[in-house]
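Below you'll find the structure, written out as structure tokens, and then a few comments.
Read the figures in this text as sums done on the coordinates, not as results from a lab. What you see is a predicted model; the values in this text were computed from it and never measured. Using ideal geometry, Cβ is built from the backbone for each residue, glycine included, and neighbour counts are taken over all protein chains shown.
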Amino acid sequence: MAENAFTWRDAERTIHFRAGVVADAPEILAGHGFERYELLTTDRALGSASVALAEDAACFHHVPPGPVNEVAARLINDVGDDPLVALGGGRVIDAAKAIAAVRGSRVAALPTTLSGAEMTRIHRLPEGRAAPDGLIRPEVVLVDPPLIATLGEDRLRASAMNALAHGADSLWTPLANPVSELAALRGARLIAKALDAGRETRDPAELALGSILCAYALDSALFALHHVVCQTLVRELRIPHAETNAAMLPRVLEAMRPRAGKQVSALARALGSKQAEIGGRVEDLAGGRWRLSQLGADREARDKAVKGILARPELAMTPDPPDEAEVRELIASAW
């Protein structure tokens, strides 16, 4: 993967992308002014990373399961004034962003999944708190492709559908632009190529680069129907994030065909498919058909979820936003 190593400077942010970069994390972080930092992580993430990263931390905070706003609210009073380093998946990185946005501090991120949270200024805030200067994104990102690809195959494919959805949803918002479109489609091609390969022959750099490009597109153009639906379902039905994306993405793409045919066709070509076959193609990439009912979703909470979806102002970013009947049908089709 040596030919895929790069350093990308983007405004206030620097992204270091190469296999093994996590082993050099303390030195790289110090070069960006993170000589002293507090580490937010989980046992799983810490077990797969450099011991030096934890040893050099001023202190260590374990990020528990739960919604980001609740998790961040539980942690914020335990976190000091040092910059934060987030090692983990989307929940860990988003919690660090949430706390830093309230505290006015800096964040570095070392992702261990394909969540894309390391690339965006999109996150919830700690319950009952405000961000004086708005939402933030990490200033330093260290992407170690083999580290990101350590999940089991089912979870990895679900996480990849979350990444692919970032690129897809960005294609049809009013803020879509030539750069975000190029990033989204290149990211989609890389993700599909990586997932089409067997686990033993897969290049984790393709999967990791696809993920950060799709997340970059989302950060630029923001999101529409898919993320409004999935974020609300996760919140109201208390079901896992990546798997919810895997269940909903084929259905949402079918719903977008009459609304954004040109963009769906471009995405289908990037995935090696035709527009009419895009739902099935995405199901194949996801490893099969995921269903909300299999994720432990509460049928009785669907009405609350539908109301929450329709109340989201971001729904207006969708061309011809769906009405209540269509939202209900969309959820039912993935049940």
From the backbone phi of the range 294-311, what are the Karplus-calculated ³J(HN,Hα) couplings (6.51 cos²θ - 1.76 cosθ + 1.60, θ = phi - 60°) in whole Hz, Gly and Pro given as x?
7, 8, x, 5, 8, 4, 5, 8, 5, 4, 5, 5, 4, 4, x, 5, 5, 7
Say each of R129 and E153 gets a label point 7 Å from the Cα, pointing the same way as Cα to Cβ; how far apart are those two points in nm?
4.1
Using the Cα centre as the reference, give the magnitude of the dipole from point charges on the C-beta atoms of the range 126-218 (Lys, Arg: +1; Asp, Glu: -1; all else neutral), rounded to the nearest 20 debye.
120
Over the chain, what is the relative contact order in percent, taking alpha-carbon pairs closer than 8 angstrom and at least six residues apart?
14
Could you tell me the extents of the range 45-90's C-alpha atoms along the three principal axes, largest first, rounded to whole Å?
29, 23, 12
Would you mind getting me the FRET efficiency between E27 and Q294? Use the beta-carbon distance for r and R0 = 41 Å, nearest 0.05.
0.40
Where in the range 122-149 is the amide nitrogen less than 18 Å from a point lying 7 Å along the Cα-to-Cβ axis of D81?
132
Rounded to the nearest 10 degrees, what's the angle between the helix 261-270 long axis and the longest principal axis of the chain, both from Cα atoms, 0 to 90?
60
Describe numerically, in nm with one decimal, the distance between label points set 7 Å from Cα along Cα→Cβ at R44 and at S265.
4.1
For M248, M161, M317, what's the fewest-to-most ordering of other Cβ within 10 Å of each Cβ?
M317, M248, M161
Among L29, L213, L185, which one moves the most in a GNM of the chain with springs linking Cα atoms closer than 10 Å?
L29
Mean-square fluctuation maximum in Gaussian network of the chain, Cα pairs under 10 Å, restricted to G167, G308, G31, hits G31
Candidates A268, A325, A205, ranked by Gaussian network fluctuation over the chain, Cα under 10 Å, top entry:
A325
Farthest towards the positive end of the dipole of the range 2-148, among P26, I122, F6 and with Cβ unit charges of +1 on Lys and Arg and -1 on Asp and Glu, lies the Cα of I122
Suppose we look only past 25 Å in the calculated P(r) of the chain. What percent of the Cα-Cα pairs does that tail hold?
48
Computed over the range 126-282, the distribution of all Cα-Cα distances in 10 Å bins, rounded to whole %, is 11, 39, 36, 12, 1
Between A109 and residues 5 or more places away or on another chain, the pairs with built amide H atoms under 5 Å apart involve A86, V140, V141, L142
Rounded to the nearest whole number, the per residue volume of the convex hull around the C-alpha atoms of the range 11-96 in Å³ is 105
Cα-Cα pairs of the range 58-148 separated by more than 16 Å (percent)
46
Calculate, in nm to one decimal, what A276 and F60 gain on full extension: separation in residues at 0.36 nm each, minus their alpha carbon distance.
72.8 nm
Rounded to the nearest 10, the angle in degrees between the Cα long axis of helix 153-170 and the longest principal axis of the Cα atoms of the chain comes to 70
Zone reached by a paramagnetic label modelled 7 Å from D320 Cα along Cα→Cβ, restricted to the range 247-269 with backbone N below 16 Å, covers 252-265
Rounded to the nearest 10, the angle in degrees between the Cα long axis of helix 225-237 and the longest principal axis of the Cα atoms of the chain comes to 70
Residue by residue through the range 120-127, what is 3J(HN,Hα) from phi via Karplus (6.51 cos²θ - 1.76 cosθ + 1.60, θ = phi - 60°)? Round to whole Hz and write x for glycine and proline.
10, 9, 10, 6, 7, 10, x, 3
